[in-house]
Amino acid sequence: MKRCLTWWDLIWFGFGSVIGAGIFVLTGQEANEHAGPAIVLSYAVSGVSAMLSVFCYTEFAIEIPVAGGSFAYLRIELGDFAAFITAANILLESIVGSAAVARAWTSYFATLLNREANSLRIHTNLREGYNLLDPIAVAVLGIAATIAMISTRKTSYLNWIASAVNTVVILFVIIAGFAHAETSNMKPFLPFGTPGIFKAAAVVYFAYGGFDNIATMAEETKNPSRDIPIGLLGSMSITTVIYCLMALSLTMMQKYTDIDRNAAYSVAFQNVGMKWAKYLVALGALKGMTTVLLVGALGQARYTTHIARAHMIPPWFALVHPKTGTPINATLLIVISSAVIAFFSSLDVLATLLSLSTLFIFMMMAVALLVRRYYVRETTTQKDLLKLIILLLIIIASSMGTSAYWGLKPSGWVGYVITVPIWFFGTLGISVLLPQQRKPKVWGVPLVPWFPSLSIATNIFLMGSLDSQAFIRFGVCTIVMLVYYFFFGLHATYDMAHQQRKTESLKTIDHEDTKANLGP
């Protein structure tokens, strides 16, 4: 692909790919149902967890600057099976994420027209959560994908413009929100208790999910070792601060019980007497969600391209159009699948499934980073490899134990006395007992193994805060993924590897024959 992006492009891509449906829609939903005014802490918790994952992504993106993102990194470090499970979750995240944003786009568009959020959807007698059909979401997805297929550079220009407009609206929301703030609206601060903070944090994690799209653009970045760390860390730091300020301004402007679930900011401004402002906010939200769809169409297609290059899905999806220099087939796969889901499924159904899938991927990335630092094939001894596997299992199991205990007894403490020290000593074991076999050449995650281990623990903890329905949907999707892998993906990747070995051996024979014919 064409190398045409700089760190400036990546910061705006990061800003554009993250700030959209999450903050404008999920803030109202989660403040109203789970967190109350403490939604600001939910965004802070999710932001810290996302930043830990950003560190892991940054090191991989510099060391392995290819378009495949987390799929490529996990395939190199953990092998084909782990990579396929992650690849399937990436595709699921891409499809569901785009569908969720497109559904939110329709809600805010209705608000802009001074209508009720669901008024533009077709009401049916289907099951609750799937009974509001959304043709506008389908159209928006199609337009965004078409722009992304035409040119990466032109999409970048459009993203700059839309993100600049979105920035102005966000600043207005924060300043005007605090100008109409009532401290009495912040009481009670924890109406749903501490569990509500983490339950909301797990759902709003969706709002941070777009940053991994930047890592997929390494193949199109002029100077990956410099541009990607600036782009990823810069955009995520700015985003976290903005999210917390926006969440705080909303809950200070309006009582959490009165916050509208679908178009929170627009309705809040209307209720404080700034009716004209609701149109500005709705327009800004639409701009933000449009950039999320644009950047998502770029990044998701590049993920899909790399997965197809590995033959885990048909290689036809890996083709890059000779004129546009973009992966049109991969883009079509994502947008058509997203459009079908967006047409039927409501935002709350999509958000929990998306958050669970995203948290799983980020947890796997942290595991892969530890494997990369402490294991090198044919260098690491079998004894050290066994130690690494045991200590990783201890970290993961203790993190799951902490998460499970939190779900069963949120007010208890006995379980943490057991699980947290086990996690600590598991991480300490990696630090003390194992030598680092590979250190990054340019930039790497600080405080290894502590940062990656903490990323594993926080991601698993947030996963455990989601409801059982999210796990049921996730389990069904995982079973479908495994069936596909064992009946198709496994054979395709084996055939590809066999073909590569055959090609390499033929090249070796040809080279030796040439040398023999040329003589000494």
Helix axis angle, 193-204 relative to the chain longest principal axis, alpha carbon, degrees:
60
Considering only DSSP states other than H, G, I, E and B, which trypsin sites (Lys or Arg not before Pro) in region 282-339 qualify as loop sites with at most 10 other Cβ atoms within 10 Å?
K323
Calculate log10 I(q)/I(0) of region 273-368 for q = 0.11, 0.17, 0.25 Å⁻¹, where I(q) comes from the Debye formula with a single equal point scatterer on each Cα and nothing for solvent.
-0.48, -0.98, -1.28
Share of alpha-carbon pairs per 5 Å distance bin for region 76-206, given as whole %
2, 7, 8, 12, 17, 18, 16, 11, 6, 3, 1
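Checking the a/c ratio against 1.5 first, then a/b against b/c, what shape does the Cα gyration tensor give for region 337-400? It would help to have the intermediate numbers written out before the result.
Values: a/c = 5.41, a/b = 2.70, b/c = 2.00.
It comes out prolate by the Cα gyration axes.
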Quick check: net charge around I395, other residues with Cβ under 15 Å of its Cβ, Lys/Arg +1 and Asp/Glu -1?
+2
In degrees between 0 and 90, to the nearest 10, how far off the longest principal axis of the chain does helix 152-179 point, with axes built from Cα atoms?
40
Y279 neighbourhood, Cβ < 14 Å, K/R = +1, D/E = -1, net charge +4
Highest mean first, how do 240-248, 54-62 rank when packing is the count of other Cβ atoms within 10 Å averaged over residues?
54-62, 240-248
To the nearest 10 Å², what's H321's accessible area with a 1.4 Å probe?
70
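Restricting to Cα pairs below 8 Å that are 6+ residues apart, what does the relative contact order work out to for the chain? Please round to a whole percent.
On the way: 893 pairs, mean separation 148.1, N = 520.
With pairs under 8 Å counted, the relative contact order is 28 percent.
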Protection proxy ranking, peptides 469-479, 272-282, 354-364, average beta carbon neighbours within 10 Å, highest first:
354-364, 272-282, 469-479
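Which net charge results when you count Lys and Arg as +1 and Asp and Glu as -1 among the other residues whose beta-carbon is under 13 Å from that of A137?
Values: positive: R103, R121; negative: D134.
Charge balance in the 13 Å sphere: +1.
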Using only the C-alpha atoms of region 296-441, find the volume of their convex hull and express it per residue in Å³.
177
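Just order 193-206, 328-341 by mean Cβ neighbour count inside 10 Å, highest at the front, would you? The partial results should precede the final answer.
Working: 193-206: 24.7, 328-341: 21.5.
So the order, starting with the most tightly packed, is 193-206, 328-341.
For the chain, what % of the accessible area comes from carbon and sulfur atoms, probe 1.4 Å?
Working: 14340 of 21000 Å².
Carbon and sulfur together cover 68 percent of it.
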Write down the radius of gyration of region 181-312 and its Dmax, each obtained from C-alpha positions, in Å.
18.8, 58
Send over the per residue convex hull volume for region 86-137, Cα only, as a whole number of Å³.
77
For region 341-346, what does the Karplus curve 6.51 cos²θ - 1.76 cosθ + 1.60, with θ = phi - 60°, yield as ³J(HN,Hα) per residue in whole Hz, taken in order and with x for Gly and Pro?
5, 4, 5, 10, 8, 7
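So what is the diffusion coefficient of the chain in µm² per second by Stokes-Einstein at 20 °C and 1.002 mPa s, using a Kirkwood Rh over Cα pairs?
Numbers: Rh = 23.7 Å.
Answer, rounded: 90 µm²/s.
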Note: region 251-314 at 37 °C, 0.692 mPa s; Kirkwood Rh on alpha carbon pairs; Stokes-Einstein D in µm²/s works out to 228
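Helix-only mean residue ellipticity at 222 nm, the chain, DSSP H runs n ≥ 4 weighted -39,500 (n - 2.57), per residue, nearest 500. What is it?
Details: 19 runs with 370 residues, N = 520.
Roughly -24500 deg cm²/dmol at 222 nm, from the helical runs in the chain.
Work out the P(r) tail for region 379-456: percent of alpha carbon pairs separated by more than 20 Å, whole number.
Numbers: 1193 of 3003 pairs.
Percentage above 20 Å: 40.
What do the square roots of 5 times the Cα gyration tensor eigenvalues come to for region 42-129, in whole Å, largest first, as semi-axes of the equivalent ellipsoid?
Details: eigenvalues 264, 63, 28 Å².
Three semi-axes, in Å: 36, 18, 12.
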To the nearest 10 degrees, how steep is helix 69-78 against the longest Cα principal axis of the chain, on a 0 to 90 scale?
50
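The values are calculated or read from the model by the stated rules, or taken from the named source; none is laboratory data. Just so you know, these numbers come straight off a predicted model, no measurement behind them. Positions of Cβ are backbone-derived with ideal geometry, glycine not excepted, and every protein chain shown enters the neighbour counts. Areas reflect the complete protein model, heavy atoms only, side chains present, ligands, DNA and RNA absent. Shrake-Rupley method; radii C 1.70, N 1.55, O 1.52, S 1.80 Å.
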